[in-house]
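K.L.:
Could you have a look at this structure, given as structure tokens, before my questions?
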Amino acid sequence: MERDVKRDHARLIDELSAAYTEHFPRSAELDRRARRVMVDGGSHGVRLNRPFPVRIDSAHGAYMRDVDGHDILDFWQGHFANILGNNPEVVTTALAAAFASGTGLQLGQTEALQIETAELLCRCLGAEKVRFTTSGSLATMYAIMLSRAFTGRDLVLKVGGGWHGAQPWGLKGVYFAAGPQPWGLESEGLSAHLTDEVLVTRFNDPEELTEQFRIHGERLACLIVEPFAGAGNFMLAAPEYLRTARELADRYGTLLIFDEVISGFRFRAGDLGFLYGIRPDLVTVGKIVGGGMPVAAMAGRGDVLALCGREGGNRVAFTGGTYSAHPASLLAAKTMISYLVEHEAEVYPRLAELGAQMRRRIVEAFAAEGVAARCTGEPNELVSGCSISAVHFPHDKALALDGPHVVLDPACCDTALSQKALPLALLLEDVYTLVGSCALGVAHSNADVERLGDACRATARRIRPYL
Ligand SMILES: Cc1ncc(COP(=O)(O)O)c(C=O)c1O
């Protein structure tokens with residue numbers, strides 16, 4: 001019992017929450033108003049941290065200014081979209097010029113800009129065709145619908161801890177639950193068929209993957225996997241794992257979908273699969289690709305995408321919505337993608353170097369105060385740097401942090417400490433890292449990373465008495 005009480009850190013979190021309420025009084029006040037008209041005070045669960053979220057007035061580069069006047073060092077960076085920092089001038093200038101010249105808002109037409117952006121994206125992703133949509137969730141949903149139609153099969157294989165957005169086939173096996181069935185359905189209101197239709201396998205475990213294909217391969221429409229686990233806490237896929245995935249998919253006639261909503265343009269000016277030398281049948285991108293606007297896309301094999309068009313008999317209703325390929329959004333996308341292509345040789349080595357400094361600094365800061373912390377987000381033999389990491393407190397210092405099933409399991413890592421207490425404590429130092437994850441952009445300086453280290457050290461001093 002004593003152990004469980006300690007593990008949920010209720011007393012620590014209560015005390016942090018009290019200090020937080022004092023530190024952010026105007027945000028506390030706004031939260032009361034927000035809750036009167038919005039469920040939990042907002043429209044995105046993860047961002048509505050307890051006791052209440054910090055409300056932001058403006059943001060530029062590595063920083064955000066909140067309604068209480070704090071300059072907050074931001075490692076959330078637009079939910080991992082803002083690789084050039086918050087409100088990067090290259091994008092805001094292009095948008096301002098477009099609005100001034102009479103383009104930008106919705107027309108419900110289609111223009112040359114869409115063709116240029118599609119050509120650029122296909123080149124960067126090595127894809128034959130692309131179709132734009134407005135969220136990563138829709139992109140993965142359509143990728144799965146296309147796979148099911150193309151193969152004439154029902155089953156979808158995904159990875160435990162893999163988040164593909166709030167769409168029916170993505171809402172299984174995201175959050176770890178202790179017990180014999182750790183990966184269940186994440187929501188009520190879904191078709192009961194999904195329990196059997198979506199199978200969950202273990203990230204970075206080629207043997208289990210082989211076994212899943214041996215049993216279900218003839219019925220598998222697709223395997224959807226992130227080459228870099230995002231919500232699963234920032235771990236690169238092992239090269240052997242992705243090679244096995246490609247081989248098995250080929251052998252069984254299953255489509256391989258790489259969900260690169262986080263990893264696309266995060267490691268290079270294109271898809272991460274390229275660095276592994278592996279081409280998926282379909283790839284989904286979003287976040288960075290939108291340049292700060294709601295753009296996502298699904299790209300890949302022309303014969304598969306054809307099923308949502310006239311040539312393929314319009315068999316899959318990936319028809320688009322009112323705001324699909326919105327002009328201002330596509331302009332932001334084209335501007336961001338072009339910038340990353342032109343500056344690839346500076347942006348990615350810089351992010352790799354900062355990422356290494358960040359992980360080193362975090363671990364050293366906690367260690368200096370006697371707290372054993374570890375970071376995920378290590379590079380591997382094919383991917384030389386990584387600019388998103390998460391902080392963990394494994395119970396066993398030697399534990400290999402090689403999959404979401406390890407870092408999301410409270411029996412392996414102190415998840416209440418990393419996901420609840422740590423972000424609150426860091427915010428008391430005016431450093432923003434939602435759920436313990438830290439994303440870097442080129443707007444961060446070495447001094448910003450040092451400041452994160454100092455904040456981790458102050459955090460360690462705060463939490464140590466409760467451990
Ligand atoms: C890997 C991955 N796929 C899909 C999604 C869903 O994208 P969106 O939030 O744009 O719907 C996310 C969102 O975080 C993601 O991380």
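The values are calculated or read from the model by the stated rules, or taken from the named source; none is laboratory data. Owing to the predicted nature of the structure, the values given are computational and were not obtained by experimental measurement. Quick reminder, even Gly has a Cβ in these numbers, built from the backbone with ideal geometry, and neighbours come from all protein chains shown.
K.L.:
Does GLU111 qualify as being surrounded by 14 or more Cβ atoms within 10 Å (Cβ to Cβ) and modelled with pLDDT under 95?
P.N.:
Taking the combined requirement at face value, the residue does not satisfy it.
For every residue, the table says whether it meets (1) touching a residue at least 24 places away in the same chain (Cβ under 8 Å); (2) loosely packed, with under 15 Cβ neighbours inside 10 Å; (3) closer than 27 Å to CYS222 by Cβ.
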| site | (1), (2), (3) |
| --- | --- |
| LEU307 | yes, no, yes |
| GLU311 | no, yes, yes |
| LEU330 | yes, no, no |
| SER338 | yes, no, no |
| ALA368 | yes, yes, no |
| GLU381 | yes, yes, no |
| SER389 | yes, no, no |
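K.L.:
Tell me, which residue of the stretch 270-329 that is polar (S, T, N, Q) and modelled with pLDDT of 95 or more is farthest from LEU242 (Cα to Cα)? Please lay out each step first, then the result.
P.N.:
Applying the first criterion (polar (S, T, N, Q)) to the stretch 270-329 yields 284, 314, 319, 322, 324, 329.
Adding the requirement that they be modelled with pLDDT of 95 or more leaves 284, 314, 322, 324, 329.
Values: THR284: 16, ASN314: 31, THR322: 36, SER324: 32, SER329: 32 Å.
By that ranking, first place goes to THR322.
K.L.:
Let me ask something additional. Since ALA166 meets every condition but one in (1) part of a loop (DSSP other than H, G, I, E, B); (2) away from the ligand (no atom under 14 Å from the Cβ), which condition does it not meet?
P.N.:
(2)
K.L.:
What tally of residues in the stretch 174-200 results from selecting those that are assigned to a loop (DSSP other than H, G, I, E, B), more than 20 Å from the chain's Cα centre (by Cα) and not hydrophobic (A, V, I, L, M, F, W, C)? Give the steps one after another, and end with the answer.
P.N.:
Filtering the stretch 174-200 down to residues assigned to a loop (DSSP other than H, G, I, E, B) leaves 174-184, 186-193.
From the residues that got through so far, the ones that are more than 20 Å from the chain's Cα centre (by Cα) too are 177-182, 184, 188-193.
Still in the list and also not hydrophobic (A, V, I, L, M, F, W, C): 179-182, 184, 188-189, 191, 193.
Selection size over the stretch 174-200: 9.
K.L.:
Let me ask you something else. Give the residue, chosen from ASP250, ASP281, that is charged (D, E, K, R), away from the ligand (no atom under 16 Å from the Cβ) and out of contact with any strand residue (DSSP E or B) (no Cβ under 6 Å at 6 or more places or on another chain). I'd like the intermediate steps shown before the answer.
P.N.:
Details: ASP281 fails: out of contact with any strand residue (DSSP E or B) (no Cβ under 6 Å at 6 or more places or on another chain).
Every option except ASP250 fails the conditions.
K.L.:
Considering only the stretch 79-93, I want to know if a residue exists there that is at pLDDT below 95 and crowded, with 16+ Cβ neighbours inside 10 Å.
P.N.:
Quick first cut of the stretch 79-93, residues at pLDDT below 95 only: none.
Checked the stretch 79-93: no residue is at pLDDT below 95 and crowded, with 16+ Cβ neighbours inside 10 Å.
K.L.:
Strands (runs of 3 or more DSSP E) wholly in the stretch 63-155 with at least 2 residues that are within 16 Å of the ligand (Cβ to nearest atom) - which ones? Give the derivation first.
P.N.:
On the way: elements: 63-66, 71-74, 129-133.
Correct list: 129-133.
K.L.:
Still on this structure: Are any of the residues in the stretch 287-296 in contact with an Asp or Glu (Cβ under 9 Å, 6 or more places away or on another chain) and surrounded by fewer than 20 Cβ atoms within 10 Å (Cβ to Cβ)?
P.N.:
no
K.L.:
To continue, here is another question. How many residues does the stretch 6-17 contain that are closer than 17 Å to ARG461 by Cβ and part of a helix (DSSP H, G or I)?
P.N.:
Just the residues of the stretch 6-17 that are closer than 17 Å to ARG461 by Cβ, to begin with: 9, 11-13, 15-16.
In the following step, the residues that additionally are part of a helix (DSSP H, G or I) were identified as 11-13, 15-16.
Residues flagged as closer than 17 Å to ARG461 by Cβ and part of a helix (DSSP H, G or I) within the stretch 6-17 amount to 5.
K.L.:
Residues that are under 23 Å from the mean Cα position of the chain (by Cα) and under 26 Å from PRO404 (Cα atoms): which helices (runs of 4 or more DSSP H) entirely in the stretch 291-380 hold 3 or more of them? So that I can check it myself, show each step before the final result.
P.N.:
On the way: elements: 302-305, 327-342, 344-368.
In the stretch 291-380, the matching helices (runs of 4 or more DSSP H) lie at 344-368.
K.L.:
In the stretch 169-200, what residues are more than 16 Å from the ligand (Cβ to nearest atom) and among the β-branched types (Val, Ile, Thr)? Break it down stepwise before answering.
P.N.:
We begin by selecting, within the stretch 169-200, every residue more than 16 Å from the ligand (Cβ to nearest atom); these are 176-185, 188-197, 199.
THR195 - this is the single residue of the stretch 169-200 that is more than 16 Å from the ligand (Cβ to nearest atom) and among the β-branched types (Val, Ile, Thr).
K.L.:
Just need a number here: residues in the stretch 114-136 that are over 19 Å from the mean Cα position of the chain (by Cα), of a type in the set (A, V, I, L, M, F, W, C) and surrounded by 19 or more Cβ atoms within 10 Å (Cβ to Cβ). First the steps, then the outcome.
P.N.:
Looking only at the stretch 114-136, we keep the residues that are over 19 Å from the mean Cα position of the chain (by Cα), and these are 114-124, 126-131.
Those still in the list that are of a type in the set (A, V, I, L, M, F, W, C) too: 115, 118, 120-122, 124, 127, 130.
Narrowing the set further to residues that are surrounded by 19 or more Cβ atoms within 10 Å (Cβ to Cβ) leaves 118, 121, 124, 127, 130.
Counting residues in the stretch 114-136 that are over 19 Å from the mean Cα position of the chain (by Cα), of a type in the set (A, V, I, L, M, F, W, C) and surrounded by 19 or more Cβ atoms within 10 Å (Cβ to Cβ) gives 5.
K.L.:
If you check GLY232, GLY161, which single one turns out to be part of a loop (DSSP other than H, G, I, E, B), within 16 Å of the ligand (Cβ to nearest atom) and on the phi > 0 side of the Ramachandran plot? Write out each step before concluding.
P.N.:
Values: GLY232 fails: on the phi > 0 side of the Ramachandran plot.
None of the others qualify; the one that does is GLY161.
K.L.:
Go over the candidates LEU275, LEU242 one by one and state the one that is more than 14 Å from the ligand (Cβ to nearest atom), without any contact (Cβ under 8 Å) to a residue 40 or more places away in the chain and under 22 Å from SER387 (Cα atoms).
P.N.:
Within the list LEU275, LEU242, the selection yields LEU242.
K.L.:
Is there any pair with a first residue in the stretch 79-107 that is within 13 Å of ALA333 (Cα to Cα) and a second that is among the hydroxyl-bearing types (Ser, Thr, Tyr) and in a loop (DSSP other than H, G, I, E, B) whose Cβ atoms are under 9 Å apart and which are 6 or more apart or on different chains, and what are they?
P.N.:
Cβ pairs passing all conditions: ILE83/SER387.
K.L.:
Evaluate the following for ASP402: is it within 20 Å of ALA231 (Cβ to Cβ) and of a type in the set (Asp, Glu)?
P.N.:
Judged against the criteria, ASP402 is a match.
K.L.:
Another question, if that's okay. Out of curiosity, is LEU223 touching a residue at least 60 places away in the same chain (Cβ under 8 Å) and either part of a helix (DSSP H, G or I) or within 16 Å of the ligand (Cβ to nearest atom) (or both)? Let's see the steps before the verdict.
P.N.:
Details: touching a residue at least 60 places away in the same chain (Cβ under 8 Å): yes; either part of a helix (DSSP H, G or I) or within 16 Å of the ligand (Cβ to nearest atom) (or both): yes.
Against the criterion (touching a residue at least 60 places away in the same chain (Cβ under 8 Å) and either part of a helix (DSSP H, G or I) or within 16 Å of the ligand (Cβ to nearest atom) (or both)), LEU223 qualifies.
K.L.:
Let me ask something additional. Taking the stretch 202-259 as the search range and keeping residues that are among the acidic types (Asp, Glu) and under 29 Å from PHE80 (Cβ atoms), which one is surrounded by the fewest Cβ atoms within 10 Å (Cβ to Cβ)? Walk me through how you get there before you give the answer.
P.N.:
At the first step, the residues of the stretch 202-259 found to be among the acidic types (Asp, Glu) are 205, 207-208, 211, 218, 226, 240, 247, 250, 259.
Still in the running and under 29 Å from PHE80 (Cβ atoms): 205, 208, 226, 240, 259.
Details: ASP205: 19, GLU208: 13, GLU226: 28, GLU240: 10, ASP259: 31.
Among residues in the stretch 202-259 that are among the acidic types (Asp, Glu) and under 29 Å from PHE80 (Cβ atoms), the one surrounded by the fewest Cβ atoms within 10 Å (Cβ to Cβ) is GLU240.
K.L.:
How do the pairs read when you match residues in the stretch 392-411 that are under 22 Å from THR433 (Cβ atoms) and touching a residue at least 60 places away in the same chain (Cβ under 8 Å) with residues anywhere that are hydroxyl-bearing (Ser, Thr, Tyr) and part of a loop (DSSP other than H, G, I, E, B), using Cβ under 8 Å and keeping only pairs 6 or more apart or on different chains?
P.N.:
Within 8 Å, the pairs are LEU408/TYR175.
K.L.:
Of all residues being free of Cβ contacts under 8 Å to residues at least 40 places away in the same chain and touching a strand residue (DSSP E or B) at 6+ places or on another chain (Cβ under 7 Å) in the stretch 61-74, which is nearest to TYR20 (Cα to Cα)? Just the residue, please. Walk me through how you get there before you give the answer.
P.N.:
Here is the first cut: in the stretch 61-74, the ones free of Cβ contacts under 8 Å to residues at least 40 places away in the same chain are 63, 65, 69.
Subset that is touching a strand residue (DSSP E or B) at 6+ places or on another chain (Cβ under 7 Å): 63, 65.
Details: TYR63: 19, ARG65: 16 Å.
Filtering first and then ranking leaves ARG65.
K.L.:
Checking the condition of a type outside the set (Phe, Trp, Tyr), at pLDDT 95 or above and either over 22 Å from the mean Cα position of the chain (by Cα) or surrounded by fewer than 21 Cβ atoms within 10 Å (Cβ to Cβ) (or both), which residue from ALA139, ALA97, ALA143 passes? Let's see the steps before the verdict.
P.N.:
Values: ALA139 fails: either over 22 Å from the mean Cα position of the chain (by Cα) or surrounded by fewer than 21 Cβ atoms within 10 Å (Cβ to Cβ) (or both); ALA143 fails: either over 22 Å from the mean Cα position of the chain (by Cα) or surrounded by fewer than 21 Cβ atoms within 10 Å (Cβ to Cβ) (or both).
None of the others qualify; the one that does is ALA97.
K.L.:
Has the stretch 426-445 got at least one residue that is buried (at least 21 other Cβ atoms within 10 Å of the Cβ) and polar (S, T, N, Q)?
P.N.:
yes
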